[in-house]
Amino acid sequence: MHAPPSKLPSVGTTIFSVMSALAAEHEAINLSQGFPDFDCDSHLFSLVQQAMHAGHNQYAPMPGVPILRERIAEMTSELYGAAYDPEQEITITAGATAALFAAISAVVHPGDEVIVLEPAYDSYVPVITLCGGTPVFVRLTWPEYGIDWQALRRALSSRTRMIILNSPHNPTAATLSAHDLQKLDELIHDTDILVLSDEVYEHIIFDGRQHASVARNENLRQRAFVVSSFGKTFHTTGWKVGYCLAPAELMREFRKVHQFLTFSVATPLQHAFAGYLQDENRYLELGRFYQAKRDLFLDMMRASRFRPLACCGTYFQSFDYSAISEEDDQSMARRVTQEWGVAAIPVSAFYHDGTDNRVLRFCFAKSDETLERAAERLCRI
């Protein structure tokens, strides 16, 4: 039997899997894939156990456990002044990736265009393609990775269905500002264009900045899906619990997809996160925690020939290596892994056309010891 034609013929193994496998093969320190190498708070473990022993082990309601949705609504209101109805406008998902898939699938039809700002996280474009949509790429400015508003305006057409935002931004660690939200509001105010805002690193933001959530802008909020992740916030990426916020009319369409995508998410984990959110310091202190790791890593890398780019949020630090080598970033990433024992992600992997600015992305969501060992090796290059 011949295999049917591929619906994603240009999609192969993700760069994250490739570099993690290469790191394992060469016993390298893995600063490529974005996951912590330390455990979450032991109290969160206890809350999961309590939920299990309390009998919360069957299917959760399709939209999510009510108490968790209520806690998310309270947090969002306190942080951004945005009122979301936990019954109709908040849905718990199997990680942020499932939320992104459901949001795009719910509203993008064949022939629709979706604006993708590059470099872009790699899960957006395949979903657009599966829906029969067309990704329209707009390149962020280099090296600041800001939005080129003239280029974005030129990219809009009568077929534009959605603009995808990501702030704090993976892979570049750039952040949007309130001014950016205002510019976007003005640009699409008289259109039917929707917004998908990937905000999974919303609590990991540095140097006194305020996270510019789309939820802060009332006009944008009324046309936006906002996606976030407890995995990123509480060092539990393997638990795959995220959520989506959207006005009721959009959430109705979102849930039509969600109910056949995952239906519901692990019940004891939802109850545990609901209990954990009662202490707001657990997410309010996160930026300070990761800023200390960023600063430690940067301080130890001062002796290297890598030039750091601005890191305003996330737990990724990018470095320009053009003073070290003229080779392409994919080759450089492999060589650093194989010869120097530190795995990174080549940023060209986040461009549809492989644009290469000779930049590698390193994850600093690691123990101080791991960062020290990695920096010592990188400084020898």
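Taking amide hydrogens as placed 1.01 Å from N in the peptide plane, the amide H of residue 136 sits under 5 Å from those of 114, 115, 116, each at least 5 positions away in sequence or on another chain.
Taking θ as phi - 60° and the Karplus parameters 6.51, -1.76 and 1.60, the scalar couplings of the stretch 350-360 work out to 9, 10, 5, 9, x, 3, 10, 9, 6, 10, 10 Hz in sequence order, x denoting glycine and proline.
Working note: Karplus 6.51/-1.76/1.60 with θ = phi - 60° gives the stretch 139-151 the couplings 7, 5, 5, 10, x, 6, 6, x, 7, 8, 5, 5, 5 Hz, where Gly and Pro are set to x. Backbone amide hydrogens, once placed in the peptide plane, bring residue 306 within less than 5 Å of nothing, excluding anything fewer than 5 places away on its chain.
So if I take the centroid of the Cα atoms in the stretch 89-116 and the same for the stretch 14-48, what is the distance between those two points in Å? Here the two parts' Cα centres lie 26 Å apart.
Peptides 7-16, 106-115 ranked from most to least packed give 106-115, 7-16, packing being the mean of other C-beta atoms within 10 angstrom over each peptide's residues.
For the stretch 162-231 and the stretch 271-322, compute the distance between their C-alpha centroids and round to whole Å. One Cα centre to the other: 19 Å. Between the amide H of residue 342 and those of 29, 337, distances stay under 5 Å, these residues lying 5 or more places away or on another chain, with hydrogens modeled in the peptide plane. When you filter the chymotrypsin sites (Phe, Trp or Tyr not before Pro) in the stretch 317-373 for DSSP loop state and at most 16 other Cβ atoms inside 10 Å of their Cβ, you are left with 351.
Order these by the 10 Å Cβ neighbour count, fewest first: 286, 176, 187. Walk me through the numbers before you get to the answer.
Numbers: 286 20, 176 24, 187 16.
Neighbour counts put them in this order, fewest first: 187, 286, 176.
Determine the shape class of the stretch 170-258: with a ≥ b ≥ c the square roots of the Cα gyration tensor eigenvalues, call it rounded for a/c under 1.5, and otherwise prolate if a/b is greater than b/c, oblate otherwise.
Values: a/c = 2.54, a/b = 1.13, b/c = 2.25.
Oblate.
Within the shell defined by Cβ-Cβ distances under 11 Å, the residues around residue 73 carry a net charge of -4, with Lys and Arg each +1 and Asp and Glu each -1.
Could you rank the peptides 234-246, 291-303 by their average count of other C-beta atoms within 10 Å per residue, with the highest value first?
Working: 234-246: 22.5, 291-303: 16.2.
Packing proxy ranking, top to bottom: 234-246, 291-303.
Can you classify the stretch 42-280 as rounded, prolate or oblate using the Cα gyration tensor, where a ≥ b ≥ c are the square roots of its eigenvalues, rounded means a/c under 1.5, and otherwise it's prolate if a/b beats b/c and oblate if not? Kindly include the intermediate steps, with their values, before the conclusion.
On the way: a/c = 1.92, a/b = 1.54, b/c = 1.25.
It is prolate, given that a/c is not under 1.5 and a/b is the larger ratio.
All of the numbers you see were taken from the coordinates with simple rules; none came from a lab. What you see is a predicted model; the values in this text were computed from it and never measured. Neighbour counts run over all protein chains shown; Cβ positions are idealised from the backbone, glycine included.
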